[in-house]
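Each reported figure results from applying straightforward, stated rules to the coordinates on display, with no laboratory input. Bear in mind the structure is a predicted one, so any value in this text is a computation, not a measurement. Here Cβ is always computed from backbone atoms with ideal geometry, including for glycine, and neighbour counts include all displayed protein chains.
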Amino acid sequence: GERGRMDAGKEALSSLLGNKREPTLREQIEEATSAGEGCFSLTYEERVIGFLGCVGSGMFLNCFSVIRIGQLLLGNPVPFAVCFTIGNLLSMGSMCFLVGPARQCRNMLQPGRAGATVLYVLMMLCTLVVAFSTALTHLERVVLILVCIALQMAALAWYCLSYVPFGRRYITSAVCSYCFGRE
């Protein structure tokens, strides 16, 4: 009504004077997904619910996979590998609800993130291939799955650090200083 028009008028005047208002998180998300990308006709609330549902399910499956480590060690790696991988896929896909799948893929494949993304996805695939492999011994499968999981976690951490200003530089410096006594 009248108040909405007054607020819009104040914003227009403020903008003309050079006082730009920062958009809220909700407005940023709506703008990012309004271009017909990804979640098409989902409302803001539906996108947030989808995001939280995927992240929550992914985290639950990752935690549940920890219970299945015993099966992995006793010779049945499939339940652990499948549970862990599906949890990672759900968590990784959750951002599609907020920014849309095309933008999420563009973000993941930016030059500073592409290597970590490729390693992460490749290690998820390797985890499943090794788990279902009958050509490997039990010990070989366990060791290879644990290596794949460790590389997945390292790739995910490196990917996440790309969003933190100077995050990668700080971690690299700290590791070099710890391991080699220099910066």
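Here are the numbers for this structure:
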{"read-out": "Projected label distance in nm at Val147 and Cys105, using a 7 Å step from Cα toward the beta-carbon", "value": "3.1"}
{"read-out": "FRET E, pair Ile69, Val175, Förster distance 30 Å, beta-carbon r, rounded to 0.05", "value": "0.65"}
